[in-house]
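Some notes on the structure that comes next.
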Amino acid sequence: MHLTRKGVHVKIDELKSDFGLFKNLELSVGRVAEETWTEPTGPTPFPSVTALRDWDMKLLQRYRPFYLPYCDVCCLCTFGKCDLTQDKRGACGLNMAGQQSRIVLLACCIGAATHVAHGRHLVEHLIEKYGRNSPLDIGGLNIDIEAPVTRLVCGIKPEKLRDLEDVLDYCEEQVTQLLSSTHTGQEGSNLDFESKVFHAGMVDQVGMEAADIAQISVLGFPKADPEASLTDLGFGVADVSKPTILVIGHNVPSSVGIIDYLTEKGLLGKVEVVGICCTAHDITRYSSMAKIVGPISWQLRYIRSGLADLIVVDEQCIRADTLVEAQKVKTPVIASSEKNCLGLENRTATPSEKTIADLVENKVPGVLILDSDKVGEVAVETVMKIAPKRGRFKIIPELEKIVEAAKECTECNECRRACPNDKPIPEAMKAAAKGDLNPLAEILESCVGCARCDSACPNDFPLHSFIVKAGEEKLCKEKFKMRVGRGAIQDVEIRNVGQPIVLGEIPGVIAIVGCSNYPQGGKEVAEIAEEFAKRRFIVVTSGCAAMSMAMVKDEEGKTLYEKYTGAFDAGGIVNVGSCVSNAHIAGAAIKIANIFAKRKLRANYEEIADYIHNRVGAVGLAWGAYSQKAAAIASGFWRLGVPVVVGPHGSKYRRMLLGRQDKPEDWCVLDARTGDKVYVGPAPEHLFTAAETKEEAIVLLAKMCMRPNDTSKGRAIKLTHYVDLHRRLFGSLPNDIHLFVRNNTDIPITMKDEIVKVLEEKGWQEQRIPDPTLLPRLVRERKG
Amino acid sequence: MSAKEEPWQRAEIAGPKKALLILKPEVVGAMVKKAKRPILVAGHLAAEDYSKSVRMIEYVIRIGKAANIPVVATAHAVSEFIKRGFQATSMSAMDIGSRLADPEWKGLDGAGSYDLALFMGLPYYMEFVILSGLKHFSANLKTISLDRFYNPHASWSFPNLSVKDWKENLETILAKLGEERKDVNV
Ligand code: SF4
Ligand code: SF4
Ligand code: SF4
């Protein structure tokens with residue numbers, strides 16, 4: 001008998017009944033799945049909310065939550081507001097730890113729901129266009145394990161688009177279950193909320209994987225191609241002599257509709273299609289004609305520059321004031337997702353000619369069209385007619401206007417007090433009043449484009465526009481190269497690097513992902529990436545971070561993508577693609593356990609996570625993480641035992657998961673060979689923490705690549721990087737080095753004398769290197 | 001600027017329990033003197049040039065020396081302290097925050113938990129949430145923000161101050177701690 005989530009299939013060789021004898025009877029209830037995966041199902045297929053709770057608690061015992069409440073109150077129900085200060089409880093009995101963990105869960109549910117809904121829309125859309133039996137193929141012969149996350153979590157092997165429907169059914173059900181636990185009077189324990197956070201993250205990873213493998217398979221994106229092509233990226237990418245469509249968001253079908261219509265009408269190359277955020281990633285995976293403007297923080301500056309003649313938005317991370325801002329520059333907007341209708345009239349059923357005419361004649365500021373082909377037609381036809389009329393109308397002021405306004409600035413500081421990065425705008429205005437616009441231009445480098453300064457100014461100065469204008473000259477010349485998202489990692493790449501990663505000889509995998517809420521601008525991301533690529537770590541990237549690291553050139557004018565290989569190998573800078581492509585990073589870690597180490601994959605979550613946590617030196621860095629999706633993505637990695645570091649703004653996620661290196665009892669594992677409890681040191685030290693500066697992040701990432709399983713050769717290599725970086729950036733030897741040296745052969749030869757001295761001072765004792773596991777059931781020989 | 005319980009970043013509102021304003025800085029000096037186990041946490045901004053006239057790190061070192069209290073330098077700030085020949089303990093902001101929130105933590109020297117933590121030089125919003133974590137989860141610890149701006153989750157904080165007033169306040173605290181007063185030039 002084979003079970004899908006929706007169907008039961010019974011096969012009976014012989015059945016005697018009152019009606020007679022039946023042979024080879026087959027009954028199907030619901031949908032039948034053909035069984036081509038012979039691996040026996042593991043312990044946790046389609047895990048329920050609590051199925052992996054024991055594993056979660058193991059991690060949470062070691063990595064304890066440190067809550068960082070934003071404010072003292074809870075206002076989630078009408079019992080409230082409740083003051084939860086210190087040991088007070090709310091009217092429902094909840095305390096502050098419970099409330100904070102509940103907020104984290106809410107964020108992760110929002111994130112997971114967003115990816116799952118994205119996946120659902122994509123799968124439905126692609127099924128409608130290409131059929132339910134379209135095969136899933138994300139890497140041809142180079143990939144056998146096409147959906148490692150889904151196989152691990154759900155225990156099924158999806159082969160066709162239709163199989164993803166089952167997967168998404170599961171995800172939707174889980175998100176609903178999880179969300180329900182945040183209702184007043186449900187879950188009361190903060191640790192159980194945290195376990196549910198992990199569950200949300202795991203479900204999120206499944207949802208992301210479903211979305212990305214669907215689009216890769218059907219839309220012909222690069223299939224695990226290390227040499228995926230280079231695309232243009234930057235504020236200055238568009239040929240402004242052509243009508244320009246700007247696409248913003250994450251869900252690519254409407255942008256595909258535009259490219260398809262251009263292709264069909266022979267107009268490719270006559271209209272510019274440029275993108276912001278993950279839609280830009282995915283449309284460049286679809287077509288070499290599309291280009292990328294930049295990460296999400298580039299939205300407002302690009303819209304206000306008037307360079308876009310038409311804007312198409314789909315879903316996620318789109319500014320809520322897109323329509324308002326677009327109207328200011330007379331740019332029509334087409335909304336194309338049910339999740340983001342912007343108050344616009346639904347013209348899905350209206351004849352295209354009528355909609356095009358209304359947009360061109362400015363009778364409506366924008367329209368909602370929930371049909372990607374129609375979006376393509378309306379967008380292209382409208383932009384061709386409207387571009388000459390608009391004449392690149394912009395609202396970025398001329399320099400004289402800025403100087404004039406600056407003279408009226410009262411230096412009241414309201415702009416600075418609204419700025420998330422505390423930028424000295426008043427001082428810059430003071431300089432501007434004297435004709436020096438350099439300080440304003442400098443602010444652009446680390447401006448996240450939020451325009452809170454605009455809203456705050458009592459004089460209503462459009463300060464963000466001032467800043468953009470001041471930095472315009474450099475901005476408009478910006479043109480870089482980024483390797484388009486390659487998708488998954490090939491099985492053969494995993495075979496090649498599995499061993500050096502697990503033994504520690506490739507010092508680590510650094511996944512630099514997430515949004516662009518940077519404390520000091522995106523260049524820091526490029527600096528961090530290059531530091532590790534140069535040191536022959538594997539650098540994996542996705543989303544806005546992948547764009548930011550392209551936006552720096554060396555003296556020869558080359559970006560990181562032109563200097564480093566796109567292969568998943570030492571010294572590679574591997575762009576997997578958009579947000580949903582993050583699933584491939586988890587997938588790579590899972591495949592190391594399965595393909596290289598031959599651990600069973602099917603519905604065997606705990607064992608694989610235990611393997612990854614103890615052996616795969618991978619760390620995530622979301623330097624500019626801002627979103628709920630980023631929270632969900634991080635939590636998926638936590639459950640797999642992969643630590644994540646965020647930038648300083650990430651401290652606002654309200655909770656860290658921190659290990660305590662000063663508590664030796666926290667750092668014991670079981671030796672799977674003997675069952676002995678063995679101290680292995682704080683490796684990795686944290687599961688989730690925020691770093692204050694780039695320097696701190698770099699040192700922390702190097703340190704957090706250490707794993708209990710490292711061989712001495714591997715540990716010595718990892719220690720070399722950690723000590724070297726610490727010395728360079730912190731000006732001293734690390735004060736915890738003795739915790740990471742297990743025996744004399746772990747000590748890097750070139751640093752022997754000074755490290756031995758520290759070990760002596762600290763009264764260090766040799767430790768043995770076990771076959772590490774946190775799961776008693778994996779111990780092969782029990783003592784006694 | 002008038003002395004008000006008004007967060008520097010406008011939206012960073014704390015709730016019912018807000019930091020008390022430090023209107024008489026000598027009181028801070030007295031509190032540090034009275035504390036059994038005080039500690040000073042200096043963020044990376046302390047190691048940067050605050051303005052032409054202010055090196056925050058100098059104040060951190062002077063307070064550390066005058067009050068004889070341990071200093072934790074977060075992020076990469078420790079390198080600046082080393083250059084100045086001052087011994088600070090290097091620890092991340094989250095690590096020191098979570099340890100201070102643990103009533104069982106025996107401190108950097110193993111001699112017992114701290115009863116007063118002074119903060120300076122962390123990014124405003126990061127200090128805001130860490131002070132909140134401490135307010136809610138460390139019943140026996142009092143916190144003081146010595147930054148230029150009102151940080152509402154501390155137990156005590158300066159109001160938003162001009163650079164000059166801020167320096168004046170720090171000098172007054174140092175005088176109370178027994179250091180000879182220096183003139184403030186801005
Ligand atoms: S959910 Fe609980 S703590 Fe929050 S407002 Fe309602 S009763 Fe108060
Ligand atoms: S808010 Fe406006 S008036 Fe006030 S300092 Fe800033 S720019 Fe000047
Ligand atoms: S738009 Fe830039 S300068 Fe203005 S508040 Fe936002 S980050 Fe600060």
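Worth a mention:
- C-alpha center-to-center spacing [region A:240-273, region A:183-234] in angstrom: 26
- Per-residue HN-Hα couplings for region A:160-172 [Karplus 6.51, -1.76, 1.60; θ = phi - 60°; Hz; x = Gly/Pro]: 10, 3, 4, 5, 6, 5, 4, 4, 6, 4, 4, 4, 4
- The percentage of C-alpha pairs in region A:480-776 whose separation is greater than 37 Å is 10%.
- Within the accessible area of region A:34-219 (1.4 Å probe), percent carbon and sulfur: 51
- Translational diffusion of region A:34-219 was estimated from the Stokes-Einstein equation, with Rh taken as the Kirkwood radius over Cα pairs; at 10 °C and 1.306 mPa s the coefficient is 88 µm²/s.
- Carbon/sulfur fraction of accessible area - region A:480-776, other protein chains in place, 1.4 Å, %: 50
- Counting Cβ atoms of other protein chains within 10 Å of each Cβ in B:6-13 and taking the mean gives 4.
- Cα point-scatterer Debye curve for region A:93-200, base-10 log of I(q)/I(0) at q = 0.10, 0.15, 0.20 Å⁻¹: -0.38, -0.71, -0.99
- Only beta bridges with both residues in the protein assembly as shown are counted; by DSSP, about 35 percent of them are antiparallel.
- Measuring between alpha carbons in the structure, the pairs from A:Lys270/A:Lys339; B:Lys24/B:Lys142; A:Lys160/A:Lys598; B:Lys135/B:Lys164 lying more than 19 angstrom apart are A:Lys270/A:Lys339; A:Lys160/A:Lys598; B:Lys135/B:Lys164.
- Minimum 10 Å² accessible area buried by the other protein chains, region A:679-703 residues, probe 1.4 Å, relative to alone: A:Glu685, A:His686, A:Thr689, A:Ala690, A:Glu692, A:Thr693, A:Glu695, A:Glu696
- Paired Rg and Dmax values of region A:413-545, which use every Cα atom, in angstrom: 20.2, 63
- The H on the amide N of A:Thr231, modeled in the peptide plane, is under 5 Å from the matching H of A:Met482, A:Arg483, A:Val484, each at least 5 residues off or on a different chain.
- A:Gln186-A:Lys270 pseudo-label distance in nm [points 7 Å out on the Cα-to-Cβ vector]: 5.4
- Measuring between their Cα centroids, region A:497-511 and region A:137-160 lie 23 Å from each other.
- Derived value for region A:200-355: Kirkwood hydrodynamic radius 16.3 Å. Basis is the mean of 1/r over every pair of different alpha-carbon atoms.
- Per-residue surface analysis assigns A:Glu400 an accessible area of about 120 Å², computed on protein heavy atoms at 1.4 Å probe radius.
- Rg/Rh for the protein assembly as shown stands at 0.98; both radii use Cα atoms, and Rh follows the Kirkwood definition.
- Under conditions of 37 °C and 0.692 mPa s, region A:634-784 yields 199 µm² s⁻¹ as its translational diffusion coefficient, taking Rh as the Kirkwood radius over Cα pairs in the Stokes-Einstein equation.
- Region B:26-176, accessible surface, carbon-and-sulfur percent (1.4 angstrom probe): 50
- Take every pair of alpha-carbon atoms less than 8 Å apart whose residues are at least six positions apart; their mean separation over the length of region B:26-176 yields a relative contact order of 24 percent.
- Close amide H pairs (under 5 Å, H built 1.01 Å from N) link B:Lys142 with B:Leu116, B:Ala117, residues at least 5 positions away or on another chain.
- For the pair A and B, the buried accessible area comes to roughly 3700 Å² in total, with a 1.4 Å probe and the value rounded to the nearest 100.
- Relative contact order (percent, whole number), region A:235-390, Cα cutoff 8 Å, 6+ residue spacing: 28
- A 1.4 Å probe run over region B:1-144, with the rest of the protein chains in place, finds 41 Å² accessible per residue.
- Coordinate range along principal axes, alpha carbons of region A:521-632, Å, largest first: 48, 31, 20
- Neighbour-limited loop hits for GluC sites (Glu not before Pro), region B:67-139 (at most 14 other Cβ within 10 Å; DSSP other than H, G, I, E, B): B:Glu104
- For region A:495-584, GluC sites (Glu not before Pro) are listed when DSSP marks them as loop and at most 13 other Cβ atoms sit within 10 Å of their Cβ; the list is A:Glu555, A:Glu556.
- Positive dipole terminus of the protein assembly as shown, leading residue within A:Ala112, B:Ala175, A:Ser217 (C-beta point charges): B:Ala175
- Once the gyration tensor of the Cα atoms in chain B is diagonalised, the equivalent ellipsoid follows with semi-axes of 21, 20, 16 Å, ordered largest first.
- Accessible heavy-atom area order of A:Ser217, A:Ser241, highest first, probe of 1.4 Å: A:Ser241, A:Ser217
- Square roots of five times the Cα gyration tensor eigenvalues for region A:148-246, Å: 36, 21, 13
- Drop in accessible area of at least 50 Å² in the complex versus isolated chain, residues of region A:405-426, 1.4 Å probe: A:Arg417
- Cubic angstrom per residue, convex hull over Cα atoms of region A:601-659: 93
- In Hz, Karplus ³J(HN,Hα) per residue of region A:125-139 (6.51, -1.76, 1.60; θ = phi - 60°; x = Gly, Pro): 4, 6, 5, 4, 7, 10, x, 5, 8, 4, x, 8, 8, 10, x
- Around the amide H of A:Val73, modelled in the peptide plane, lie the amide H atoms of A:Leu84, all under 5 Å away and 5 or more residues distant in sequence or on another chain.
- Beta bridges by DSSP in chain B, antiparallel share as percent, to the nearest 5: 10
- Span from the region A:274-313 Cα centroid across to the region A:730-783 one, whole angstrom: 49
- Loop trypsin sites (Lys or Arg not before Pro), region A:694-784, which have at most 15 other Cβ atoms in a 10 Å radius of their Cβ (DSSP): A:Lys762, A:Arg768, A:Arg780, A:Arg782, A:Lys783
- Each label was represented as a point 7 Å from its Cα along the Cα-to-Cβ direction; for A:Ile395 and A:Asp460 these points are 1.1 nm apart.
- Think of a 1.4 Å ball rolled over the protein heavy atoms: chain A then has 36 Å² of accessible area per residue.
- Dipole magnitude (debye, nearest 20) for region A:626-678, charges at Cβ of Lys, Arg, Asp, Glu: 380
- Compactness of region A:222-270, taken as the C-alpha radius of gyration over 2.2 N^0.38 Å, stands at 1.35.
The values are calculated or read from the model by the stated rules, or taken from the named source; none is laboratory data. Keep in mind that what you see is a predicted model, and the values were worked out from it rather than measured. Because the Cβ atoms are built from the backbone with ideal geometry, glycine has one as well, and the counts that use them run over all protein chains shown. Quick note on the areas: whole protein, heavy atoms, side chains included, nothing else; ligands and nucleic acids left out. Shrake-Rupley method; radii C 1.70, N 1.55, O 1.52, S 1.80 Å.
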